[in-house]
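The next block holds one structure in the form of structure tokens; read it before the comments.
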Amino acid sequence: MKNQILIVDGYNVIGTWPQLAKLKKQDHLEEARDQLLDTLANYRNFFEGQIIVVFDAMYVPGIKEQFTKWDLDVIFTPEDVTADTYIQNLSEELNIISNQVTVVTSDQAVQWTIFSRGAIRLPSYELYKRIQDMHRQLTQESRQHHDRSVQRNNPWREDQLERLANLRDQLSSES
């Protein structure tokens, strides 16, 4: 099985996801970055691979930094290197036979470049929908698990529950 590598164009995602775009417009870019990293860290628990988040230095002048946070690799590009260029080069470097590289961006030019180099492209909003679906599925599974445990601890027999339901329905129709 190939190593899964997800490269995320951080500011592109921030500009695409509704709640993060709203924070950016309100000049809360740092908070938007933190929320994105929190969300991806939670997603990382279910994504079996490496997640690399790349931020463009144009929004944080003078910084060129790489660090690991919550099992994510976070990269701020050097000032003279755009995130697009960095991502294109990184995807080409990592796209070897044992890896499957997926780049998350809605930038068409970057999508076509990385696709031509053998990586998979995933629009930013598509990742957003996947994460939303994951949350819904987890909530549903959690509810089902809770309902099963509640049923297991239920002191009522099935026939008693049925009689109670009938009584409830009778009382509801009389009011």
Max mean-square fluctuation residue, GNM over the chain, Cα-Cα springs under 10 Å, options 52, 97, 120: 97
Sites excluded, trypsin sites (Lys or Arg not before Pro) in DSSP loops with at most 14 other C-beta within 10 Å, longest stretch of the chain: 65-156
Folded to 0 to 90 degrees: helix 83-94 orientation relative to the chain principal axis, Cα: 90
Selected from 107, 84, 159 as most flexible by GNM, with the chain as the system and alpha-carbon contacts under 10 Å: 159
Carbon plus sulfur fraction of accessible area for the chain, probe 1.4 Å, in percent: 48
Contour minus Cα-Cα distance for residue 166 and residue 28 (0.36 nm per residue): 44.2 nm
Ratio Rg/Rh, restricted to segment 3-129 and using Cα atoms, in which Rh is the Kirkwood radius: 0.94
Helix-derived mean residue ellipticity, 222 nm - over the chain, DSSP H n ≥ 4, -39500 (n - 2.57), to 500: -18000 deg cm²/dmol
Dipole magnitude (debye, nearest 20) for segment 3-129, charges at Cβ of Lys, Arg, Asp, Glu: 360
Solvent-accessible heavy-atom area per residue, rounded to whole Å², over segment 1-137 at 1.4 Å: 54
Most positive-pole-ward Cα, 96, 11, 144, against dipole of the chain from beta carbon charges: 144
Using alpha-carbon coordinates, inclination of helix 124-152 to the longest axis of the chain, degrees: 30
Folded to 0 to 90 degrees: helix 29-44 orientation relative to the chain principal axis, Cα: 60
Förster radius 41 Å - calculated FRET efficiency between residue 42 and residue 96, Cβ distance, rounded to 0.05: 0.90
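The values are calculated or read from the model by the stated rules, or taken from the named source; none is laboratory data. Nothing here was measured: the structure is a model prediction, and the numbers come from that model. For neighbour counting, all protein chains shown are included, and Cβ atoms are generated from backbone atoms with ideal geometry for every residue, glycine included. Only protein heavy atoms, including side chains, enter the accessible area calculation; ligands, DNA and RNA are left aside. Shrake-Rupley method; radii C 1.70, N 1.55, O 1.52, S 1.80 Å.
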